[in-house]
2 protein chains.
Amino acid sequence: MGGVSKRGSNPNLRQRKSLGGSKETAAAAPGIVPREESTKKWRNWWQRTVFTFVMIGGFFTVIALGPLSIMLMVLCLQVLIYREVISLSSVPKKERDLPWSRAMNAYFLGCLEYYLYGQNAHRALKRHPWLEAHLQPVFAHHTFISFSMYLVGFVWFVSTLRKGYYRFQMGQFAWTHMALALVVMQSQFMIENIFEGIFWFFLPIALVIVNDIFAYVFGFFFGRHQLIELSPKKTWEGYIGGGLTTMVFGFVFTALLSDWKFVVCPPPNLHMTVFSDVQCDVNPVFVPRDYRLPPAVTALLSAVLHRTITTVTIRPVQFHSLAISAFASLIAPFGGFFASGVKRAFNIKDFGNSIPGHGGVTDRFDCQFIMAAFSHTYYSSFIRVSTVTVGALFSSFLALGADKQLELYRNIQEYLETTGSLAAGTVPAAPAPAS
Amino acid sequence: MGGVSKRGSNPNLRQRKSLGGSKETAAAAPGIVPREESTKKWRNWWQRTVFTFVMIGGFFTVIALGPLSIMLMVLCLQVLIYREVISLSSVPKKERDLPWSRAMNAYFLGCLEYYLYGQNAHRALKRHPWLEAHLQPVFAHHTFISFSMYLVGFVWFVSTLRKGYYRFQMGQFAWTHMALALVVMQSQFMIENIFEGIFWFFLPIALVIVNDIFAYVFGFFFGRHQLIELSPKKTWEGYIGGGLTTMVFGFVFTALLSDWKFVVCPPPNLHMTVFSDVQCDVNPVFVPRDYRLPPAVTALLSAVLHRTITTVTIRPVQFHSLAISAFASLIAPFGGFFASGVKRAFNIKDFGNSIPGHGGVTDRFDCQFIMAAFSHTYYSSFIRVSTVTVGALFSSFLALGADKQLELYRNIQEYLETTGSLAAGTVPAAPAPAS
């Protein structure tokens, strides 16, 4: 999901870009670009731009096809990125001599994906009673089964420990766990976000992309001061300019999306698409409200516009968008800096070459993991409305023993009588006993 | 929590024990122990035995003092073990030159402990309405606050990345995450287990200790065949003999504990001690049941004992204990092998020297983490009874809107009428309207 160019790139700073020992050579001839290199650069720029649009187009198509296709896309990305990150841990290539190393890494990914997607599968199967009844034991012990699978991997790993490679193998094991935690578990929040409404999946990703693009634009035109040693092409001007633009974009874009039920409703099912007729009671944060302006602002506006404006109509979610935008432009880039640090640690330029002109998949997604985790936590903490429903409570009621059921019934009855909800006539009297 | 000696140690194999390059030298003179070394060995043995009893005594005292003291003990252990494990990642000691490295590791531990213990604190504060009301915003956003704290650490880490140390720093970061996941998060399950009843905390730990001791005893007397290259002193004989003993112990010990309410009841509060009068409806797994023996077994017993025994009285929890014992003796030792692998990777003999004769705290607890995680998962999957209570359901009922409240009331009323629970006379008629 790329920006047009590397975030905040600045042609004035570009010459400094180097890896490892080549820095001094590059710095020795600033500003002078050989013709051959220039042609190559332009070709790369074109390739990059074309593939940016290909990716953005693909992204919109996947979203239009609904939750199932988005989940499949996220799964593919998790596998690709995990592969790219894990492959780093086998530098130097000693691991080729070690048996099972690749299979084990794949196995650990499989365990975690089984654990994470299993929960969603259960949610989806609730609509298929026959399947649910037969798979019930599997779902009831889902955590136990997943943990047992992990234990198998753990015992397997310990059994393959080989003299002379202990330190290397332990390092790989730690790296695998970090990749699982930072890449797979964090990106799983994207899936969680889909179930709250595609909005919560789409907005964070869009904000990071917009921030990428505008940090580049501001850096290109105004960039003078280097932001961080790790990424020499990023500038303070790009960081701040991109940030402000992203916040304005987030505020406006959110208002545009808020009336589109396909986007703001929690998906009623996994096979919903953009053509489905989606209906729901939208979360109240999407409903416009009038906010009274402070008198000073009213006075100012009246002086400038010669109109008296005392209130503005804003959707509360727009204020939340400002907060999420601020995160996307101020903190999420540190995910990218971290990825740069990893690349420098392993002395590589890109994580891979699967996207022409962009490098590896990880290079394009480095800021998206932390963004997904943040937006999910933010949503859960500040936006989610209580999900208690009559149906769920009634199910829990059924699980009580007979005497507890009566106790709850009497508590509720007493409460409703006290509050006056149970006025005469609204509730039919209990029927006469059968005996 | 120590065994009397290293698990499954065998004096016949002991000479082989060596680290790094000294293996050949030791193997060259099997069975010959210089006098000085022998004295040292005996002193070590005494020290080890004394401190084993000191630890077991301390362990029982802490348990007798109840949940709060157990939680404090676990917290202390987490901090000590985390320190021991983290200190490995700064071998070689380059890190001394890097600023903030120690502070950052402490900070990440602090974030995770805040997250984990914060949840328990909330549970405890439910009994103090004034405090709960004032801290409500903190608890309502607990996950968000904890995640923000982690993000601060993440940005801090990225900001301290220093040229020339990238690979080293990234390795440390990965190691920190693995220590947090494998040590702190796994041992947190011990705390979770306490809240289900001290039994679920005590039994797994006791099983590992018993297995340690008997694997040593069987290895000492019968050990001939080395179990795993990683730990040369462990033998197949110790592994199997210890395992069978542990299963018998688990089966019997569980029956002995099952009538002691201090142990089997979920603690009513954190300051309960062994002297408190604890009452509860015990989980049905602790209640003895009669199991009919297969006819063949009855016939066999009648032939041998000249008595007709058709049923045996067993508590279901004893069968669960067998499963947990099997894990404690077959899989949990791999936690110890893993710890051996780590020690060999870093070419150290022990994780520390805080327990005289035993090495570091980690050396004594290496099998307990995975055991705690397993027993918690096992409990949640196979033993926990639904925790739905009338009080919790009523709270959820109060969170509904007025019309939903009435809807639920009518659903419940209709159900109770259908099942006949609401027979005439048992339910008072709704009072006459006030108007």
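Considering only residues of the stretch B:379-397 that are at the interface with chain A (Cβ under 7 Å from one of its Cβ atoms) and either open to solvent by 70 Å² or more (accessible area, probe 1.4 Å) or closer than 30 Å to B:Gln318 by Cβ (or both), which is nearest to the chain's Cα centre (by Cα)? Spell out the reasoning first.
Just the residues of the stretch B:379-397 that are at the interface with chain A (Cβ under 7 Å from one of its Cβ atoms), to begin with: B:380-381, B:386, B:388, B:390, B:393-394, B:396-397.
Next, from what is left, pick out any that are either open to solvent by 70 Å² or more (accessible area, probe 1.4 Å) or closer than 30 Å to B:Gln318 by Cβ (or both): B:380-381, B:386, B:388.
Numbers: B:Ser380: 14, B:Ser381: 16, B:Ser386: 22, B:Val388: 25 Å.
Across the stretch B:379-397, the extreme among qualifying residues is B:Ser380.
Give the residues of the stretch A:211-229 that are touching a Phe, Trp or Tyr at 6+ places or on another chain (Cβ under 7 Å) and surrounded by fewer than 21 Cβ atoms within 10 Å (Cβ to Cβ), sorted by residue number.
Taking the stretch A:211-229 and keeping what is touching a Phe, Trp or Tyr at 6+ places or on another chain (Cβ under 7 Å), we get A:215, A:225, A:227-228.
Hits for the stretch A:211-229 are A:His225, A:Ile228.
Quick check: is even one residue across the stretch A:366-387 more than 22 Å from B:Ser159 (Cα to Cα), out of contact with any strand residue (DSSP E or B) (no Cβ under 8 Å at 6 or more places or on another chain) and charged (D, E, K, R)? Walk me through it before giving the result.
Taking the stretch A:366-387 first, the residues more than 22 Å from B:Ser159 (Cα to Cα) are A:375-387.
Remaining after also requiring out of contact with any strand residue (DSSP E or B) (no Cβ under 8 Å at 6 or more places or on another chain): A:375-387.
Checking which are charged (D, E, K, R) leaves us with A:384.
Checking the stretch A:366-387: at least one residue is more than 22 Å from B:Ser159 (Cα to Cα), out of contact with any strand residue (DSSP E or B) (no Cβ under 8 Å at 6 or more places or on another chain) and charged (D, E, K, R).
Of all the numbered requirements in (1) part of a helix (DSSP H, G or I); (2) closer than 30 Å to A:His128 by Cα; (3) not polar (S, T, N, Q), A:Leu301 misses one, and that requirement is (2). For B:Phe189, are the conditions met, namely being open to solvent by 10 Å² or more (accessible area, probe 1.4 Å) and touching a helix residue (DSSP H, G or I) at 6+ places or on another chain (Cβ under 8 Å)? For B:Phe189, the condition - open to solvent by 10 Å² or more (accessible area, probe 1.4 Å) and touching a helix residue (DSSP H, G or I) at 6+ places or on another chain (Cβ under 8 Å) - is met.
Condition test on A:Phe346, is it open to solvent by 20 Å² or more (accessible area, probe 1.4 Å), within 14 Å of chain B (Cβ to nearest Cβ) and under 24 Å from B:Thr143 (Cα atoms)?
Working: open to solvent by 20 Å² or more (accessible area, probe 1.4 Å): yes; within 14 Å of chain B (Cβ to nearest Cβ): yes; under 24 Å from B:Thr143 (Cα atoms): no.
No, not satisfied.
A single entry from B:Tyr114, B:Tyr150 fulfils the requirement of being modelled with pLDDT of 90 or more, within 22 Å of the chain's Cα centre (by Cα) and either away from every other protein chain (no Cβ under 12 Å) or assigned to a helix (DSSP H, G or I) (or both): B:Tyr114. Taking A:Ile309 as the residue in question, decide whether it is away from chain B (no Cβ under 14 Å) and assigned to a loop (DSSP other than H, G, I, E, B). For A:Ile309, the condition - away from chain B (no Cβ under 14 Å) and assigned to a loop (DSSP other than H, G, I, E, B) - is met. Kindly indicate whether B:Ser329 is within 25 Å of B:Asn283 (Cβ to Cβ), buried (at least 23 other Cβ atoms within 10 Å of the Cβ) and either within 14 Å of another protein chain (Cβ to nearest Cβ) or not small (Gly, Ala, Ser) (or both). Yes: the conditions hold for B:Ser329.
What about B:His358, is it buried (at least 22 other Cβ atoms within 10 Å of the Cβ), closer than 30 Å to B:Leu180 by Cβ and either more than 10 Å from every other protein chain (Cβ to nearest Cβ) or of a type in the set (S, T, N, Q) (or both)? Give the derivation first.
On the way: buried (at least 22 other Cβ atoms within 10 Å of the Cβ): yes; closer than 30 Å to B:Leu180 by Cβ: yes; either more than 10 Å from every other protein chain (Cβ to nearest Cβ) or of a type in the set (S, T, N, Q) (or both): yes.
Yes.
Just checking, does the stretch A:195-202 include any residue being open to solvent by 40 Å² or more (accessible area, probe 1.4 Å), acidic (Asp, Glu) and in contact (Cβ under 8 Å) with a residue 60 or more places away in the chain? Checked against the condition, which is being open to solvent by 40 Å² or more (accessible area, probe 1.4 Å), acidic (Asp, Glu) and in contact (Cβ under 8 Å) with a residue 60 or more places away in the chain, the stretch A:195-202 yields no hits at all.
Taken over the stretch A:166-206, the criterion of being over 18 Å from A:Phe369 (Cα atoms) and either part of a helix (DSSP H, G or I) or within 9 Å of another protein chain (Cβ to nearest Cβ) (or both) is satisfied by A:Tyr166, A:Arg167, A:Phe168, A:Gln169, A:Met170, A:Gly171, A:Gln172, A:Phe173, A:Ala174.
Pairing residues of the stretch B:406-435 that are surrounded by 15 or more Cβ atoms within 10 Å (Cβ to Cβ) with residues that are at pLDDT 50 or above and of a type in the set (Asp, Glu), at Cβ distances under 8 Å and at least 6 apart in sequence or on separate chains, gives B:Ala430/A:Glu417. Consider the stretch A:400-418 and keep the residues that are more than 7 Å from chain B (Cβ to nearest Cβ) and not polar (S, T, N, Q). The one that is nearest to B:Leu400 (Cα to Cα) is A:Tyr415.
Quick one: is A:Leu161 of a type outside the set (Gly, Ala, Ser), within 24 Å of A:Val85 (Cα to Cα), under 25 Å from the mean Cα position of the chain (by Cα) and at the interface with chain B (Cβ under 10 Å from one of its Cβ atoms)? Considered against the rule, which asks whether it is of a type outside the set (Gly, Ala, Ser), within 24 Å of A:Val85 (Cα to Cα), under 25 Å from the mean Cα position of the chain (by Cα) and at the interface with chain B (Cβ under 10 Å from one of its Cβ atoms), A:Leu161 comes out as no. Take B:Leu400 and tell me if it is surrounded by 19 or more Cβ atoms within 10 Å (Cβ to Cβ), closer than 27 Å to A:Thr419 by Cβ and without any contact (Cβ under 8 Å) to a residue 40 or more places away in the chain. No: the conditions fail for B:Leu400. For first residues located in the stretch B:34-46 and in the same structural domain as B:Gly357 (by TED's automatic domain parsing), partners that are at pLDDT 75 or above and lie 6+ apart or on another chain with Cβ distances below 6 Å form the pairs B:Asn44/B:Gly357.
In the set A:Leu131, A:Leu116, A:Leu112, only one residue is out of contact with any Gly (no Cβ under 6 Å at 6 or more places or on another chain), closer than 22 Å to A:Ile194 by Cβ and surrounded by fewer than 17 Cβ atoms within 10 Å (Cβ to Cβ); that residue is A:Leu131.
Only one entry of B:Phe319, B:Phe275 meets the criterion of being of a type outside the set (Lys, Arg) and either part of a helix (DSSP H, G or I) or within 25 Å of B:Gly341 (Cα to Cα) (or both), and that entry is B:Phe319. Here the stretch A:117-147 is the region considered, the condition is being under 24 Å from A:Met190 (Cα atoms) and at the interface with another protein chain (Cβ under 8 Å from one of its Cβ atoms), and the residue that is modelled with the highest pLDDT is A:Phe147.
Report whether or not B:Met247 is under 30 Å from B:Val282 (Cα atoms), assigned to a helix (DSSP H, G or I), at pLDDT below 95 and more than 9 Å from chain A (Cβ to nearest Cβ). Walk me through how you get there before you give the answer.
Working: under 30 Å from B:Val282 (Cα atoms): yes; assigned to a helix (DSSP H, G or I): yes; at pLDDT below 95: no; more than 9 Å from chain A (Cβ to nearest Cβ): yes.
The answer is no for B:Met247.
When you scan the stretch B:306-318, do you find a residue that is open to solvent by 60 Å² or more (accessible area, probe 1.4 Å), touching a residue at least 24 places away in the same chain (Cβ under 8 Å) and either hydrophobic (A, V, I, L, M, F, W, C) or farther than 25 Å from B:Tyr378 by Cβ (or both), even just one? Let's see the steps before the verdict.
So in the stretch B:306-318, the residues open to solvent by 60 Å² or more (accessible area, probe 1.4 Å) come out as B:306-308, B:310, B:313.
With the extra rule that they be touching a residue at least 24 places away in the same chain (Cβ under 8 Å), the set shrinks to B:313.
So of that shortlist, the ones also either hydrophobic (A, V, I, L, M, F, W, C) or farther than 25 Å from B:Tyr378 by Cβ (or both) come out as none.
No, the stretch B:306-318 has no match at all.
Summed over the stretch A:249-270, residues that are in contact with a helix residue (DSSP H, G or I) (Cβ under 6 Å, 6 or more places away or on another chain) and loosely packed, with under 14 Cβ neighbours inside 10 Å total 0. Here B:Phe144 clears all of (1) open to solvent by 40 Å² or more (accessible area, probe 1.4 Å); (2) without any contact (Cβ under 8 Å) to a residue 24 or more places away in the chain except the condition numbered (1).
The values are calculated or read from the model by the stated rules, or taken from the named source; none is laboratory data. Nothing here was measured: the structure is a model prediction, and the numbers come from that model. Using ideal geometry, Cβ is built from the backbone for each residue, glycine included, and neighbour counts are taken over all protein chains shown. Keep in mind that these areas ignore ligands, DNA and RNA; they rest on the heavy atoms of the full protein, side chains included. Shrake-Rupley method; radii C 1.70, N 1.55, O 1.52, S 1.80 Å.
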